[in-house]
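Encoded as structure tokens, the structure appears first; notes follow it.
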Amino acid sequence: MQVYIVYMGALPSFNDYATIESYHFSVVRSVTGESYTPSLIVSNYGRSFDGFAAWLTEEESKKLSVMPDVVSVFPDKMLYLDVIDDGGIHSRLRTRHL
């Protein structure tokens, strides 16, 4: 299992964030089965676009990617940002879920 980002495009017509979270959970559960719990959804994106990040198997991610409401599914990965502060000191920051 790893974290996948599921991008579903523009925001749905319903604007209630709790409804969007419930919708995302039902989408995931439709391919994972009854044993999937809400705690496996890492993030819900429902303010600027529609999508979520969730712990999935590769097989589950492939099933989601062919669903009509899903635009794309891709693995989340660690990103490294190179930063130089005002004093010229270079550091490397790690971040996820950008």
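Laboratory data are not the source of any read-out in this text; all were calculated from the coordinates shown. Because the structure is a prediction, the values reported are computed rather than measured. Note: ideal-geometry Cβ built from the backbone for every residue, glycine included; neighbour counts use all protein chains shown.
Between beta-carbons, use under 15 Å as the cut-off and find the net charge around Y36, counting Lys and Arg +1, Asp and Glu -1. Can you show the working numbers first?
Values: positive: R29, K63; negative: E21, E34, E59, E60.
Taking every Cβ under 15 Å from that of Y36, the sum is -2.
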3J(HN,Hα) from dihedral phi, the range 55-61, Karplus parametrisation 6.51/-1.76/1.60, rounded to Hz, x for glycine, proline: 6, 9, 7, 4, 4, 5, 5
